[in-house]
Amino acid sequence: MGTGDKTMTADEAVSRLESGMTLGIGGWGSRRKPMALVRALLRSPVTDLTVVSYGGPDVGMLAAAGRIRKLVAPFATLDSIPLEPHFRAARESGSLELMEIDEAMFMWGLRAAANRLPFLPVRAGIGSDVMRVNPGLRTVTSPYEDESTGVCETFVAMPALRLDAALVHVNRADRAGNGQYLGPDPYFDDLFCEAARTAYVSCERIVDTAELTKTAPPQTLLIKRLHVSGVVEAPSGAHFTSCAPDHDRDEAFQRLYASMPWPEFAGRFLAGDEQAYRTAVETWHEEQS
Amino acid sequence: MSAMPDTYPDSSLSGATRAEYCVIACAEAWRGDGEVLASPMGPIPSIGARLARLTFSPDLLLTDGEALLVGPDGSTEGWLPYRQHLALVTGGRRHVMMGASQIDRFGNQNISCVGDWERPTRQLLGVRGGPVNTVNNPVSYWVPRHSTRVFVEKVDLIGGVGYDSAAAAGPTATRFHRIPRVVSNLGVFDFATDDHSMRLASLHPGVTVEEVVAATGFELAIPDDVPYTREPSPSELESIREVLDPRGLRHREVKG
């Protein structure tokens with residue numbers, strides 16, 4: 001169970017981050033993104049970040065706010081809206097340094113970091129312009145002859161994606177940092193935590209450890225407390241991205257995010273704290289109905 | 001479903017729309033694939049994959065678009081979160097049909113950006129899984145609006161690896177590389193030529209060779225006799241219309 005109580009506020013978690021850090025952000029596209037933590041990050045002075053993400057609005061918002069120096073990603077999307085508008089704008093203005101890699105390369109980079117390996121070989125990237133736009137990528141030749149071909153194949157040596165910190169959002173957690181997902185896909189949130197020196201887990205609800213497995217099987221316990229530095233209770237902390245089964249994506253609000261000029265959006269929704277954000281979202285929804 | 005015969009006596013009577021020929025052409029990509037995961041991207045490829053499973057490729061596996069493998073009746077038969085999906089890609093037991101913002105005559109595909117990568121004129125999705133897909137499992141493509149902007153002489157960024165790029169990169173890239181077909185709203189294309197350059201394999205009924213040539217920004221291999229994309233059988237049409245796409249999503253993607 002663990003005796004340490006790691007609960008803290010989103011602002012306290014973010015206060016432990018520093019400018020210039022490499023930050024991994026969990027979720028996928030516009031799904032289960034730790035948006036309450038991202039919003040706290042936007043309230044902080046932390047900048048000059050290297051962000052490592054299967055990109056969604058986390059990338060868009062941090063890019064729009066000028067907090068990203070370098071992005072490591074295979075894509076950025078809002079899912080139901082294919083192109084992330086602020087990521088697009090940042091790329092088209094030339095203001096975003098990008099390490100553009102394939103989805104599988106990205107996963108192997110996290111796995112390498114989690115396993116304290118400098119790289120892992122992967123059959124991906126070879127023959128594509130991923131090699132051209134990432135001139136730092138090296139290859140490695142197998143020390144073994146392939147039995148069927150007699151060839152020693154050459155693979156991309158995907159470098160470890162080591163993270164100074166990881167931010168993830170899950171459905172439930174206990175105070176010690178055991179994190180539980182209740183949706184259909186864990187994404188790579190456990191890997192982000194394992195690849196990071198420190199990890200901050202926000203959740204819809206903090207519950208007693210015993211309650212975690214009362215109605216859900218133990219294999220939903222995705223994140224182990226030994227990887228976690230801080231636990232943040234953040235109801236609707238993934239808003240406006242999805243957090244199945246607790247809540248769906250807020251499609252109407254996502255459309256607003258994608259169409260409203262960033263300064264206006266940030267002024268109306270991100271000027272205050274998390275409670276102010278929720279109130280502003282509620283008010284906006286009431287205006288629409 | 002009716003008990004009508006699988007072959008229709010007079011093809012001109014089938015009354016299939018262009019979108020329905022596209023569904024048939026996409027479905028055919030998975031013919032003979034056996035027990036592999038079909039990964040369709042976009043409405044028409046999705047309807048096509050489900051049609052293939054319902055008819056001539058019953059062993060195919062399909063997802064709900066998220067993390068569950070689901071049978072034709074929607075019941076869950078397996079779990080496939082992204083991490084397992086990526087492992088399945090490299091294991092090869094999968095045939096994906098991806099989109100292409102640009103594709104060239106050797107099947108190099110781009111969904112990353114248009115213009116110079118350093119500072120694109122139009123940023124798109126990013127390479128996504130194109131690089132890993134193409135050198136590990138068969139990759140077909142679907143283009144709902146065939147034009148010289150999509151079928152280009154040279155793509156701005158190679159995400160999906162084409163035949164020439166794979167050959168240049170060596171055995172690691174060629175070993176499992178295969179692009180069975182490209183389907184567009186005008187026809188079906190393959191790479192069954194000596195140099196693996198793109199070939200017009202069939203025209204959707206109502207389309208001419210001239211139309212395809214005018215909409216293609218590179219020189220296509222065109223056989224002397226180009227067949228038409230096959231007619232859907234009455235039962236296939238009924239499945240598409242009544243079972244697989246009663247809301248008519250296919251006609252929002254391809255008009256006519």
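Considering only the stretch A:183-287, give the helices (runs of 4 or more DSSP H) lying wholly within it that have at least 2 residues that are of a type outside the set (D, E, K, R) and more than 14 Å from chain B (Cβ to nearest Cβ).
Working: elements: A:189-194, A:209-212, A:251-259, A:262-269.
In the stretch A:183-287, the matching helices (runs of 4 or more DSSP H) lie at A:209-212, A:251-259, A:262-269.
Determine which member of the set B:40, B:45, B:81, B:72 is surrounded by fewer than 17 Cβ atoms within 10 Å (Cβ to Cβ) and of a type outside the set (Ser, Thr, Tyr).
B:72
Looking at the structure I just gave you, is residue B:126 modelled with pLDDT of 95 or more, in a loop (DSSP other than H, G, I, E, B), in contact with a helix residue (DSSP H, G or I) (Cβ under 7 Å, 6 or more places away or on another chain) and of a type outside the set (A, V, I, L, M, F, W, C)? Even if it seems obvious, please write down each step before you answer.
Numbers: modelled with pLDDT of 95 or more: yes; in a loop (DSSP other than H, G, I, E, B): yes; in contact with a helix residue (DSSP H, G or I) (Cβ under 7 Å, 6 or more places away or on another chain): no; of a type outside the set (A, V, I, L, M, F, W, C): yes.
Spelling it out, it is not the case that residue B:126 is modelled with pLDDT of 95 or more, in a loop (DSSP other than H, G, I, E, B), in contact with a helix residue (DSSP H, G or I) (Cβ under 7 Å, 6 or more places away or on another chain) and of a type outside the set (A, V, I, L, M, F, W, C).
When residues of the stretch B:84-104 are filtered for being in contact with a strand residue (DSSP E or B) (Cβ under 8 Å, 6 or more places away or on another chain) and in a loop (DSSP other than H, G, I, E, B), how many remain?
So the answer is 4.
What number of residues in the stretch B:102-124 are more than 9 Å from chain A (Cβ to nearest Cβ) and crowded, with 22+ Cβ neighbours inside 10 Å? Steps first, answer last, please.
If we filter the stretch B:102-124 for residues that are more than 9 Å from chain A (Cβ to nearest Cβ), which is where we start, we get B:102-107, B:109, B:114, B:116.
From what's left, crowded, with 22+ Cβ neighbours inside 10 Å: B:102-107, B:109.
Qualifying residue count, the stretch B:102-124: 7.
Considering only the stretch B:183-195, state which residues are surrounded by 19 or more Cβ atoms within 10 Å (Cβ to Cβ) and either within 14 Å of chain A (Cβ to nearest Cβ) or among the polar types (S, T, N, Q) (or both).
B:184, B:185
In the stretch B:127-161, which residues are closer than 11 Å to residue B:96 by Cβ and either under 16 Å from the mean Cα position of the chain (by Cα) or more than 11 Å from every other protein chain (Cβ to nearest Cβ) (or both)? Please lay out each step first, then the result.
Filtering the stretch B:127-161 for residues closer than 11 Å to residue B:96 by Cβ gives B:128-130, B:132-134, B:136-142, B:160.
Hits for the stretch B:127-161 are B:129, B:130, B:133, B:134, B:137, B:138, B:139, B:140, B:141, B:142, B:160.
Suppose we filter the stretch A:227-278 for residues that are of a type in the set (A, V, I, L, M, F, W, C) and exposed (fewer than 15 other Cβ atoms within 10 Å of the Cβ); how many remain? Give the derivation first.
The first filter runs over the stretch A:227-278 and keeps only residues of a type in the set (A, V, I, L, M, F, W, C), leaving A:228, A:231-232, A:234, A:238, A:240, A:243-244, A:252-253, A:256, A:258, A:260, A:262, A:265-266, A:269-271, A:276.
Of the ones still in play, those that are also exposed (fewer than 15 other Cβ atoms within 10 Å of the Cβ) are A:252, A:271, A:276.
Count: 3.
Looking at the stretch B:78-97 only, could you name the residues that are in contact (Cβ under 8 Å) with a residue 12 or more places away in the chain and of a type in the set (D, E, K, R)?
Scanning the stretch B:78-97 gives B:93, B:94.
Suppose the filter is assigned to a loop (DSSP other than H, G, I, E, B), of a type in the set (Asp, Glu) and either within 14 Å of chain A (Cβ to nearest Cβ) or buried (at least 22 other Cβ atoms within 10 Å of the Cβ) (or both); does residue B:164 pass it? I'd like the intermediate steps shown before the answer.
On the way: assigned to a loop (DSSP other than H, G, I, E, B): no; of a type in the set (Asp, Glu): yes; either within 14 Å of chain A (Cβ to nearest Cβ) or buried (at least 22 other Cβ atoms within 10 Å of the Cβ) (or both): yes.
So residue B:164 fails the test.
In the stretch A:105-124, how many are closer than 18 Å to residue B:160 by Cβ, facing chain B (nearest Cβ under 9 Å) and part of a helix (DSSP H, G or I)?
So the first thing to find is which residues in the stretch A:105-124 are closer than 18 Å to residue B:160 by Cβ, and the list is A:105-106, A:122-124.
Subset that is facing chain B (nearest Cβ under 9 Å): A:105, A:122-124.
Then drop every residue that is not part of a helix (DSSP H, G or I), which leaves A:105.
Total meeting the criteria: 1.
I'd like the full set of residues that are hydrophobic (A, V, I, L, M, F, W, C), crowded, with 22+ Cβ neighbours inside 10 Å and in a loop (DSSP other than H, G, I, E, B), limited to the stretch B:167-182.
Pass one, the stretch B:167-182, residues hydrophobic (A, V, I, L, M, F, W, C): B:167-169, B:173, B:176, B:179, B:182.
Within this subset, residues satisfying the condition of being crowded, with 22+ Cβ neighbours inside 10 Å are B:173, B:179, B:182.
Once the filter is applied, which keeps residues that are hydrophobic (A, V, I, L, M, F, W, C), crowded, with 22+ Cβ neighbours inside 10 Å and in a loop (DSSP other than H, G, I, E, B), the stretch B:167-182 yields only B:179.
Which of (1) out of contact with any Gly (no Cβ under 7 Å at 6 or more places or on another chain); (2) farther than 23 Å from residue A:258 by Cβ is the odd one out, the single condition residue A:91 does not satisfy?
(2)
Hey, among B:127, B:152, B:139, which residue is under 30 Å from residue B:18 (Cβ atoms), among the aliphatic types (A, V, I, L, M) and surrounded by 24 or more Cβ atoms within 10 Å (Cβ to Cβ)? So that I can check it myself, show each step before the final result.
Working: B:127 fails: under 30 Å from residue B:18 (Cβ atoms); B:152 fails: surrounded by 24 or more Cβ atoms within 10 Å (Cβ to Cβ).
Unique residue meeting the criteria: B:139.
Out of the residues in the stretch A:89-104 that are crowded, with 20+ Cβ neighbours inside 10 Å and within 7 Å of chain B (Cβ to nearest Cβ), state the one that is nearest to residue B:114 (Cα to Cα). First the steps, then the outcome.
At the first step, the residues of the stretch A:89-104 found to be crowded, with 20+ Cβ neighbours inside 10 Å are A:90-91, A:96, A:98-104.
Then drop every residue that is not within 7 Å of chain B (Cβ to nearest Cβ), which leaves A:91, A:100, A:102-104.
Details: A:91: 11, A:100: 14, A:102: 18, A:103: 20, A:104: 23 Å.
Per the stated criteria, the residue is A:91.
Any idea how many residues of the stretch A:125-155 are outside any loop (DSSP other than H, G, I, E, B) and either touching a residue at least 40 places away in the same chain (Cβ under 8 Å) or more than 10 Å from every other protein chain (Cβ to nearest Cβ) (or both)?
Filtering the stretch A:125-155 for residues outside any loop (DSSP other than H, G, I, E, B) gives A:130-133, A:138-141, A:154-155.
Among the residues that remain, those that are also either touching a residue at least 40 places away in the same chain (Cβ under 8 Å) or more than 10 Å from every other protein chain (Cβ to nearest Cβ) (or both) are: A:138, A:140.
Within the stretch A:125-155, residues that are outside any loop (DSSP other than H, G, I, E, B) and either touching a residue at least 40 places away in the same chain (Cβ under 8 Å) or more than 10 Å from every other protein chain (Cβ to nearest Cβ) (or both) number 2.
When you scan the stretch A:4-27, do you find a residue that is within 14 Å of chain B (Cβ to nearest Cβ), among the hydrophobic types (A, V, I, L, M, F, W, C), surrounded by 21 or more Cβ atoms within 10 Å (Cβ to Cβ) and at negative phi, even just one?
Of all residues in the stretch A:4-27, those within 14 Å of chain B (Cβ to nearest Cβ) come to A:26-27.
Among the residues that remain, those that are also among the hydrophobic types (A, V, I, L, M, F, W, C) are: none.
Scanning the stretch A:4-27 turns up no residue that is within 14 Å of chain B (Cβ to nearest Cβ), among the hydrophobic types (A, V, I, L, M, F, W, C), surrounded by 21 or more Cβ atoms within 10 Å (Cβ to Cβ) and at negative phi.
The values are calculated or read from the model by the stated rules, or taken from the named source; none is laboratory data. Treat the numbers as computed from the prediction; the structure is a model and nothing was measured. Positions of Cβ are backbone-derived with ideal geometry, glycine not excepted, and every protein chain shown enters the neighbour counts.
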